[in-house]
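To start, the structure itself, in structure tokens.
The values are calculated or read from the model by the stated rules, or taken from the named source; none is laboratory data. These numbers were taken from a predicted model, which means no experiment stands behind them. Cβ sites come from the backbone with ideal geometry, for glycine too, and all protein chains shown count toward neighbours. These accessible areas exclude ligands, DNA and RNA; they are computed on the full protein's heavy atoms, side chains included. Shrake-Rupley method; radii C 1.70, N 1.55, O 1.52, S 1.80 Å.
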Amino acid sequence: GADGVALKNEKLDWKADLRIYANSSLGTVTLLDKNGAGKVLADPTAVTTAYDAFYDDRELQWTDLLCIDVSKLTAADIGSGVVYVSIDEQSGRHKGVQLYNAVTLPAPMTVASDNSIYVQGNYNTVSWKPSAVIADAVYMLSGSWTNAANHNTNASPNAGSATTYNVAILSGD
């Protein structure tokens with residue numbers, strides 16, 4: 001990118017061993033290592049997309065998601081433990097990253113994004129490892145959350161369930 005050396009030394013984007021970029025339609029998803037080389041995950045199904053995943057009543061917009069099944073990531077996939085995700089914005093549509101199946105992390109892990117991050121279900125509760133989520137906004141979704149149950153503008157929210165998160169959170173501009 002156009003970032004100079006000083007910014008590259010500071011931004012998590014440039015420190016991440018797994019960098020994931022998606023265009024606004026989610027039709028193109030690119031995975032790179034911190035050197036900008038293409039990256040292939042041990043299980044390529046660990047990263048999927050969901051256009052019209054659910055209607056966000058707070059944002060009053062449809063939310064499109066880049067979904068990361070954490071249970072399918074390996075320590076080799078995340079390297080130093082920093083994962084950076086960025087989705088191109090689109091007028092009238094909210095973009096976000098959904099982390100799920102994350103009861104056990106593959107290694108100490110920080111996930112950062114310039115989009116919103118939705119943490120679904122118990123997170124880092126078995127074999128605890130240091131972890132952080134850093135994003136514009138971070139939403140904690142209970143283990144009973146389903147995207148499908150919030151798939152129209154008049155949906156009643158999912159009933160919550162007891163859910164545990166062991167993660168440091170940094171959010172906001």
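Things to note:
- Accessible surface, 1.4 Å probe, highest first, among residues Val40, Val97: Val40, Val97
- In this structure, the amide hydrogen of Thr110, modeled 1.01 Å from its nitrogen in the peptide plane, lies closer than 5 angstrom to those of Val82, Val83, Ala132, counting only residues at least 5 positions away or on a different chain.
- Sequence-distant residues sharing a close amide H with Ser24 (under 5 Å, placed H): Asp88
- To the nearest 10, the accessible area of Ile169 is 90 Å² with a 1.4 Å probe.
- Of (i) 1.00; (ii) 2.29; (iii) 1.22, the label for Cα Rg over 2.2 N^0.38 Å derived from the coordinates: (i)
- Only helices enter the 222 nm calculation for the chain: every DSSP H run of n ≥ 4 contributes -39,500 (n - 2.57), and dividing by all residues gives -1500 deg cm²/dmol, rounded to 500.
- Cβ charges +1 (Lys, Arg) and -1 (Asp, Glu), total dipole of the chain, debye: 400
- Per-residue 3J(HN,Hα) values for the range 62-72, derived from phi via the Karplus relation 6.51 cos²θ - 1.76 cosθ + 1.60 with θ = phi - 60°, read 5, 10, 9, 10, 9, 9, 10, 7, 4, 5, 9 Hz in sequence order (x marks Gly and Pro).
- Converting phi to 3J(HN,Hα) with the Karplus coefficients 6.51, -1.76 and 1.60 and the offset θ = phi - 60°, the range 46-53 yields 5, 10, 10, 10, 9, 7, 6, 4 Hz in sequence order, with x at every glycine or proline.
- Solvent-accessible surface (1.4 angstrom probe) belonging to Thr164, in square angstrom, nearest 10: 70
- For Glu59, the accessible area of its heavy atoms, probed at 1.4 Å with every protein chain present, is near 50 square angstrom.
- The order of Arg58, Arg93 by accessible area, most exposed first and with a 1.4 Å probe, is Arg58, Arg93.
- Given Lys34/Lys95; Lys72/Lys129; Lys15/Lys95, the pairs whose alpha carbons are separated by over 20 Å: Lys34/Lys95; Lys15/Lys95
- For the set Trp62, Trp128, Trp145, the ranking by accessible area, highest first and with no ligand, DNA or RNA atoms included, is Trp128, Trp62, Trp145 under a 1.4 Å probe.
- Karplus-derived 3J(HN,Hα), 6.51/-1.76/1.60, for each residue of the range 136-146, Hz, glycine and proline x: 4, 9, 10, 10, 9, 9, 5, x, 8, 5, 9
- Relative contact order computed over the range 21-130 (Cα-Cα under 8 Å; 6+ residues apart), in percent: 23
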